[in-house]
Amino acid sequence: MKTYLAQRLGIAALTLFGMSVVIFVLLRLAPGDIVDILFSTGGYVNPSERVAIEKELGLDQPIWRQYMDWLRHMATGDLGKSYRYDLPAWEIIKPLFPVTLELATLSMIVAVLLGVPTGVISAVRQDTSLDYVLRVLSLAGLSMPSFWLGMVIILALVAWIGWIPPMTYVPASENFKLHCIQFALPALAVGYRSSALITRITRSALLEVMREDYIRTARAKGQGERTVIWSHALKNAILPVVTVIGIEFAFLIGGLIVTETVFNLPGVARFLVQAIAWRDYPIVQTLVMFTAAIVIFSNLAVDMLYGVLDPRVRIGGG
Amino acid sequence: MASFRYAVAVWTALGTLALSPIDFALAQTPKPGGHLNVMLREDLPQGFAVHETSTISTSFPSMPCFNNLVIFDQLKRTESLETLAGELAEKWSWQDNYKNLVFFLRKDVKWHDGKPFTSKDVKFTFDVLREAPDAPAKLRINPRKDWYANVEGIETPDASTVVFHLKRPQPSLLMMFASGYTPIYAAHVPPASYRTTCMGTGPFKLKEWRKGEFVDYVKNPDYFVKGRPYLDTLRYVVIENRGTRMSALQSGKLDVSFPGEMTKTIAEQIKKAVPQMVVTTVGQTVSDNIIMNVKKPPFDNLKVRLAVSYGIDRRGLIQAVHQGGAVPGASLPPKPWGIWGVGEQGLLALPGYGKAADEKAKARKLMAELGYTVEKPLKVEIGTRAIAIYVDMASFVINELKQIGIEATLKQVETAQWHAMATRGDYQIGANLTGIGIDDPDANFYENYACGSPRNYSQYCNEQIMKLIDQQSQEVNPQKRLEMVLALQRKLEEEAPRPILDWKLDYFSHWPSVHNMIPQNNIYNYGRMQDVWRDK
């Protein structure tokens, strides 16, 4: 297990290094830089001012030197300074992660609470009217983008009751009730979409397991249908579901862009898009690296969970 | 004659109706206290560094922090020399036939950190802006340096007097001083610090700027206008999604819209949902225009430029793209949305403003003279900024040009590249939007039509036009100046380096509980919030 963990951590480090090169180079290959944007807000371009700003921000250096400088600073914990805000990147980024992590976690909780039971019911009641209804609902969830659903929820609320959730972030420590209200709707919108996927995976995995010999054996031994499904079948069917949950969670960290925008939540994804538009390299690089780290480590956590859920993985050592 | 009298009566009635909300608001007794949530469509691009940017996303939410020497009366809709009001300057006086401008400053003004405001701060601000040889600091970007090109020197005989010495008379300099883009910076803090915080003398002190979320202000208890501001707190809420912004306004999460944000269609929808919403139609001083690179073929040829101008149906554009929320005009906005623009009758004589079919026929004739027809068109590339308000207009223009023998392919240019590309002249023809900081010929002509100006995207340079621009700038008689400005606009449209297609209107909206929030016919110069109050 230790060897397995060491291997995975080694791969994670290599992936992060690769990501750092890719994001650094890609950003600089994209047309335009922060200086262009600054001049855009100024509405004109003065070549001598341009040269001065490039020098001030170190953008006059060759890319490889900029990269080496960035790595050196990262190693000492210095994430650089936001070009746009003229403030340390960490100061800007720090408040964003809790918002996105909370939204992603709540969405996954909604998704699991909705998706696993409906998947089980759908499998157990295969080809009944209930199964068809649940399948239609899950298909609808997959077909509806969560941002669209979010926008529809907001428009419906304002049209019907003239109310929408708070438009500025309310920390839980400030007003817990309002905080919950603020996160409930986006978590439902995102969670519903993810639950649809979980429903379908749970259903198909469970149907497959239900046809296995050991299920028939369990029934033949006189075990109740509830025990057969929840203790024997679901336990064996859950591995692909866990994989999907891991992938979905990792996706949500960077994939909540439009949901965060629609519900006006100050999270990582929304800010990342703004930073890219502004070519705010230090912010983009730091956000992408942090997001990559979260994705890599959430995958690692899922792999570790396999070991807990499936003894064969533990025995096989990976 | 009877119809004239009828028209006068109708216009008088309409005028009375239009003005009544203001009169009603002024008649009520203002109530101190309360909080206001104001719409912001994006985070402040350069913090509060108003002098380093040209976007309303910076200037509007910065207004409560600052003061100018003078300002356009915030309780009036029109901006002109007649509506100027003193702010940091108590009085001002032109001397030596408009060559020296003397400001007598208030003596009871303090910066938000308690330090006294003096004439040194004024000199500091304008020396930095005009990049005087002995300027104590330098701005990272200085987009309005040209506004102060005529200032030769600034003297401060004492702590409460400032004298601006001009190279030649320029009565409209006062207009520049009144712009939302001309706040006075503190001499005791570096200009770069305004990118992250705000040191002002204004009615509100900055409490917090949470990046990407909101800007919070609290009432300045030491404000020099006694009893002002009325409000205790202000919050500018950043909401990037337009649908969410409008839902927030409709639901009452926001009290006030953002200048230039409300289209006619959106305003009508909100008014239908919330009949008590106060919607005021004002000019934006933002035009849709076509920029043609006069240094490059084929637009170095006046006939091609004129054909383009004749070929675009302005009124059709206004209906199709703005659903009626714009008005036709030449290079300055027409009355009642501006002071200097060519009126409806005058426009009819200019290229492109007549009956669409007739104008198109003229355009086709010009193109035919050059050997191009609808079947054998001139092929060009039309550049535009890759955002909806630009692309919608460009798409309409492409369709219009097709009908006169010009086949234009659309090139969408990212925001980061657009201004740089236009300034370099790295394009043939472009669909562009231009906002003018103040409704004054100097601000517009020197910026957009003067030889060598970085924002003269057409690269147009005409010595005769330059002379006319200088002449009108020095003219002290307003009526004579207006005549010169009208003639200049006609000439510019006949030369067609930058045909103006329309001037956009704003449908500024706020809840009825908000009073004295008076939008002006220019999005850049209101929002001080000093007199705004609410009755709940």
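On the given criteria, is A:A196 small (G, A, S), assigned to a helix (DSSP H, G or I), crowded, with 19+ Cβ neighbours inside 10 Å and within 14 Å of chain B (Cβ to nearest Cβ)? Give the derivation first.
Numbers: small (G, A, S): yes; assigned to a helix (DSSP H, G or I): yes; crowded, with 19+ Cβ neighbours inside 10 Å: yes; within 14 Å of chain B (Cβ to nearest Cβ): no.
For A:A196, the condition - small (G, A, S), assigned to a helix (DSSP H, G or I), crowded, with 19+ Cβ neighbours inside 10 Å and within 14 Å of chain B (Cβ to nearest Cβ) - is not met.
Being within 14 Å of chain B (Cβ to nearest Cβ), buried (at least 19 other Cβ atoms within 10 Å of the Cβ) and of a type in the set (A, V, I, L, M, F, W, C) is a description that does not apply to A:L155.
Among the helices (runs of 4 or more DSSP H) confined wholly to the stretch A:251-318, which include 1 or more residues that are within 20 Å of A:T15 (Cα to Cα) and in contact (Cβ under 8 Å) with a residue 60 or more places away in the chain? Ranges flagged: A:281-309.
Working carefully through the options B:P334, B:P297, B:P328, B:P275, find the one that is farther than 21 Å from B:V391 by Cα, buried (at least 17 other Cβ atoms within 10 Å of the Cβ) and modelled with pLDDT of 95 or more.
Values: B:P297 fails: buried (at least 17 other Cβ atoms within 10 Å of the Cβ); B:P328 fails: farther than 21 Å from B:V391 by Cα; B:P275 fails: buried (at least 17 other Cβ atoms within 10 Å of the Cβ).
Exactly one residue qualifies, and that residue is B:P334.
Do we have B:R305 as away from chain A (no Cβ under 14 Å) and touching a residue at least 40 places away in the same chain (Cβ under 8 Å) here? I'd like the intermediate steps shown before the answer.
Working: away from chain A (no Cβ under 14 Å): yes; touching a residue at least 40 places away in the same chain (Cβ under 8 Å): yes.
For B:R305, the condition - away from chain A (no Cβ under 14 Å) and touching a residue at least 40 places away in the same chain (Cβ under 8 Å) - is met.
Filtering the stretch B:165-172 for residues that are among the hydroxyl-bearing types (S, T, Y) and at pLDDT below 95 leaves a non-empty set. Out of (1) more than 30 Å from B:T281 (Cβ to Cβ); (2) surrounded by fewer than 19 Cβ atoms within 10 Å (Cβ to Cβ); (3) over 29 Å from the mean Cα position of the chain (by Cα), what's the single condition that is false for B:A357? (1) is the only condition that B:A357 fails.
Against the condition among the charged types (D, E, K, R), within 14 Å of another protein chain (Cβ to nearest Cβ) and surrounded by 15 or more Cβ atoms within 10 Å (Cβ to Cβ), how does A:D86 come out, does it pass? Please lay out each step first, then the result.
Values: among the charged types (D, E, K, R): yes; within 14 Å of another protein chain (Cβ to nearest Cβ): yes; surrounded by 15 or more Cβ atoms within 10 Å (Cβ to Cβ): yes.
For A:D86, the condition - among the charged types (D, E, K, R), within 14 Å of another protein chain (Cβ to nearest Cβ) and surrounded by 15 or more Cβ atoms within 10 Å (Cβ to Cβ) - is met.
Tallying residues that are of a type in the set (G, A, S) and within 13 Å of another protein chain (Cβ to nearest Cβ) within the stretch A:264-293 yields 4.
For A:R50, the criteria (1) in contact (Cβ under 8 Å) with a residue 12 or more places away in the chain; (2) more than 34 Å from the chain's Cα centre (by Cα); (3) away from chain B (no Cβ under 12 Å) hold in every case but one, which is (3).
Taking the condition within 14 Å of chain B (Cβ to nearest Cβ), within 21 Å of the chain's Cα centre (by Cα) and among the charged types (D, E, K, R), does A:K94 pass?
On the way: within 14 Å of chain B (Cβ to nearest Cβ): yes; within 21 Å of the chain's Cα centre (by Cα): yes; among the charged types (D, E, K, R): yes.
Yes.
Taking the stretch B:129-173 as the range and being at negative phi, surrounded by fewer than 18 Cβ atoms within 10 Å (Cβ to Cβ) and among the acidic types (D, E) as the test, the residues that pass are B:D134, B:E152, B:E155, B:D158.
Yes or no, residue by residue, for (1) buried (at least 24 other Cβ atoms within 10 Å of the Cβ); (2) modelled with pLDDT under 95; (3) within 14 Å of another protein chain (Cβ to nearest Cβ):
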{"site": "B:Y6", "(1), (2), (3)": "no, yes, no"}
{"site": "B:G15", "(1), (2), (3)": "no, yes, no"}
{"site": "B:A25", "(1), (2), (3)": "no, yes, no"}
{"site": "B:R41", "(1), (2), (3)": "no, yes, yes"}
{"site": "B:Q46", "(1), (2), (3)": "yes, yes, yes"}
{"site": "B:S59", "(1), (2), (3)": "yes, no, yes"}
{"site": "B:V70", "(1), (2), (3)": "no, no, no"}
{"site": "B:D73", "(1), (2), (3)": "no, no, no"}
{"site": "B:E87", "(1), (2), (3)": "yes, no, no"}
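So, A:I121, is that one surrounded by 16 or more Cβ atoms within 10 Å (Cβ to Cβ) and within 14 Å of chain B (Cβ to nearest Cβ) or not? No. One residue alone among B:D531, B:D506 is touching a Gly at 6+ places or on another chain (Cβ under 7 Å) and of a type in the set (D, E, K, R), and that residue is B:D506.
Is it the case that B:I382 is closer than 22 Å to B:N448 by Cβ and away from every other protein chain (no Cβ under 11 Å)? I'd like the intermediate steps shown before the answer.
On the way: closer than 22 Å to B:N448 by Cβ: yes; away from every other protein chain (no Cβ under 11 Å): yes.
For B:I382, the condition - closer than 22 Å to B:N448 by Cβ and away from every other protein chain (no Cβ under 11 Å) - is met.
Scanning the stretch B:383-422 for residues that are touching a helix residue (DSSP H, G or I) at 6+ places or on another chain (Cβ under 8 Å), part of a helix (DSSP H, G or I) and in contact (Cβ under 8 Å) with a residue 12 or more places away in the chain gives B:D392, B:M393, B:F396, B:V397, B:E400, B:L401, B:T415, B:W418. Which members of the stretch B:440-457 meet the condition of being within 14 Å of chain A (Cβ to nearest Cβ) and more than 19 Å from the chain's Cα centre (by Cα)? Within the stretch B:440-457, B:G452 is the sole residue that qualifies.
Every test in (1) exposed (fewer than 15 other Cβ atoms within 10 Å of the Cβ); (2) part of a strand (DSSP E or B); (3) not hydroxyl-bearing (S, T, Y) is passed by B:G114 save one, and that test is (2).
Of all the residues in the stretch B:381-434, those that are surrounded by fewer than 23 Cβ atoms within 10 Å (Cβ to Cβ), of a type outside the set (A, V, I, L, M, F, W, C) and modelled with pLDDT under 90 number 5.
What helices (runs of 4 or more DSSP H), lying completely within the stretch A:1-115, carry at least 3 residues that are modelled with pLDDT of 85 or more? Show your work before the answer.
On the way: elements: A:2-29, A:34-42, A:47-57, A:63-75, A:89-93.
Per the criteria, A:2-29, A:47-57, A:63-75, A:89-93.
For the stretch B:191-200, taking the residues that are in a loop (DSSP other than H, G, I, E, B) and surrounded by fewer than 24 Cβ atoms within 10 Å (Cβ to Cβ), the one that is nearest to the other protein chains (Cβ to nearest Cβ) is identified as B:T196. Checked against the criterion of being away from chain A (no Cβ under 14 Å), in contact with a His (Cβ under 9 Å, 6 or more places away or on another chain) and buried (at least 20 other Cβ atoms within 10 Å of the Cβ), the stretch B:281-293 has at least one qualifying residue.
B:I465 - would you say it is within 26 Å of A:G42 (Cα to Cα) and more than 21 Å from the chain's Cα centre (by Cα)? Judged against the criteria, B:I465 is a match.
The values are calculated or read from the model by the stated rules, or taken from the named source; none is laboratory data. Since we're looking at a predicted model, the values are computed, not measured. Positions of Cβ are backbone-derived with ideal geometry, glycine not excepted, and every protein chain shown enters the neighbour counts.
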